[in-house]
Structure formats: C-alpha cells, structure tokens
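Participant: After the structure tokens below, expect a handful of questions from me.
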Amino acid sequence: MSFSSLKALLSPTAESEYDVEKDTHDISSDGESSSGEVKRRESKDTKLIDGRVISDAIIGLSDGMTVPFALTAGLSALGDTKVVVFGGFAELIAGAISMGLGGYLGAKSEEESYHATLKETEKQTITDPASITETIHDIFTPYDLPEHLITELTSHLSTSSNLPSFLMNFHHTLPEPSGSRAVTCALTIALGYFIGGFVPLLPYFFVGENEAFLALKWSIATMAVALFIFGYGKTCFVSGWQGKKNIWKGSVGGLQMVLIGGVAAGSAMGLVKGFQALADSQSSS
C-alpha cells in the first residue's frame, strides 16, 4: 500500500498534520524533497509500456516460436517446400486468431469478474458493516501503525464514498480493468504469435521446391538463435540485464527455450515420419 494512497484516505485533520510535517521536512532538506518529487514525476512519465502488454507479447511469442516451428519441422519430412509453406501459413493464421480470441475472452472474463466482485462488495458495505469494519482494521494492522491511527482510519473509511474502491484495491487486490484491455490483449497476443511463428518459415522462401530438408537445417539454426535470444531477453527482463548473475540466468533461460523448441520440433518430425512409414508399409502390403 503506497503512502500517497493512504494519505488520500486520511481525515482532514490528519492530512493537515501531515502537511505541517511535510513543510517542516521541505525547509530542513533545502529543496531535496522538491527534487525527489520531480524525479518521481519523471519516472512516471517515462513508464510508457504497460507491464501487462509485455506479458501478453511474451505469451504470444512463446507459443509462436514453438508450435509453428514444430509443425514446419514435421512437414519437412514430406520433402515438399510448398506443403511446408502453405501448411505453416495456415497454422500461423489459425493459431494467431485462436490465441487472440483466447486473450480477448480472458480479458473480458477478468473485467466481468471485477464488476461482479465490486457489486458484491458494495452490497456487503450496506448489509454487513460490522464485517467491513473488521476487514478495514485487518488491512492496516500488518503495517505497524499506531492503534489510534488505525481506529481513525477505520472510522473514516467506514463512512467514505471511496470504501468500495478501497476494498477492491487493498482487500481483493483487483485493479480496475481498462475498457480497451480486451482488444489490446487480443491484438498483442495474436501479433506476437504471428511474428514468432513466421521466423521458422523464412528459410523455406529461399530454397527450391524439393529442398525442404535444406530449408529445415537453416530453419533449425535460425530458430535456435531466435529461441535463445527470446529466452535470454524474457529472463533478463524480469531479473535484470547487468551483472554476472543476471547474465547467467539469462543464458539458462535461453538454453531452456532452445531445449523446449527442440523437443517440440523433434517430436513433431518423429510423428510425421512414423505416420509416413506406416502409410508406406500399408500401401506396399
């Protein structure tokens, strides 16, 4: 719970006391607090990308770099480049649409769940104020605040019009979803899937009609590099980019992605070869 959020919910008396302390601190720090406030505003202004958008992009890229790669590797066993390209494109389009719809429906379900919980919370504030008061008290207790301050905050919030919003944020820990969240989620996942899945198809555009195995070799090399870069970047985005420890974590994450993609491609290719051998044996008999 941020202090600014807590301050917004304080009573007018408590706010004025806080303002006096803040003014005293401003005078004693010789402008350092003002500088810190400017830095905080600048850091907020530079945060241009929503973390949830990045998460959706990672989901799309992760699936796109494994499923279509496994399919194209399996189809390469047939030896026909056109079959690989047409089959790969068909899977890319169908997979991107499917992933996008899944992301859209998931975000819509999240939005509906939020509004249902909000409605139930608003109802509970009217029908069961005693349990709401106890809940507010429990929210503030872990922060080691003075008991009299917890009592004042609980008393103030119990009659505040912001009570449902407070409970959604600090009790249910559910942020209010954006109205465009579902569309953004769908487009991000679908685009990530298509971009990730298009990488293994690239070598097949530069070989002859019956050189699918040659294209497969280049596709494997391309995907090994792409999977490693993706795994490295995904890991370092969470843990950090600098330092030997983060570099090691990124390298392990990259190797894990290469291993997952290799197992998926090998399994698909083995199944296709198995089905092809079974079909040949049945036709010969």
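Participant: Estimate the FRET efficiency between E209 and T117 by the formula 1/(1 + (r/R0)^6), using the beta-carbon distance for r and 51 Å for R0, to the nearest 0.05.
Facilitator: 0.35
Participant: Given a Förster distance of 30 Å, report the FRET efficiency between T127 and H148 from their Cβ-Cβ distance, rounded to the nearest 0.05.
Facilitator: 0.55
Participant: Which value, in Å² and to the nearest 10, is the accessible area of I126 when all protein chains are kept and the probe is 1.4 Å?
Facilitator: We get 140 Å² for I126.
Participant: Given K217/K249; K82/K217; K217/K245, which pairs have Cα atoms separated by over 21 Å?
Facilitator: K217/K249; K217/K245
Participant: Would you please put 196-206, 130-140 in order of how densely packed they are, using the mean number of other Cβ atoms within 10 angstrom per residue and starting with the highest?
Facilitator: Ranking the peptides 196-206, 130-140 by packing returns 196-206, 130-140.
Participant: Under a crude label model (7 Å from the Cα following the beta-carbon direction), how far is L187 from I97 in nanometres?
Facilitator: Taking the two extended label points, one gets 2.0 nm.
Participant: Tell me, in nm to one decimal, what length is gained between N169 and V225 on full extension, where the rule is 0.36 nm per residue of separation less the Cα-Cα distance?
Facilitator: 16.0 nm is the gain from fully extending N169 to V225.
Participant: Leaving ligands, DNA and RNA out of it, rank Y193, Y104, Y143 by accessible area with a 1.4 Å probe, largest first.
Facilitator: Of Y193, Y104, Y143, the descending order of accessible area is Y143, Y104, Y193.
Participant: Any chance you could run the full-extension gain for W248 through V83? It's 0.36 nm times the residue separation minus the Cα-Cα distance, nm to one decimal.
Facilitator: 55.4 nm
Participant: If I model a spin label as a point 7 Å beyond the Cα along the Cα-Cβ vector, how far apart are those points for T141 and S55 in nm?
Facilitator: In this crude label model, T141 to S55 measures out at 2.9 nm.
Participant: Could you report the accessible area of V252 in Å², rounded to 10, computed with a 1.4 Å probe on the protein chains as they sit in the structure?
Facilitator: 50
The values are calculated or read from the model by the stated rules, or taken from the named source; none is laboratory data. In this text the structure is predicted, and so the values were computed from the model without any measurement. Heads up, the Cβs are rebuilt from the backbone with ideal geometry, glycines too, and the neighbour counts pull from every protein chain shown. Only protein heavy atoms, including side chains, enter the accessible area calculation; ligands, DNA and RNA are left aside. Shrake-Rupley method; radii C 1.70, N 1.55, O 1.52, S 1.80 Å.
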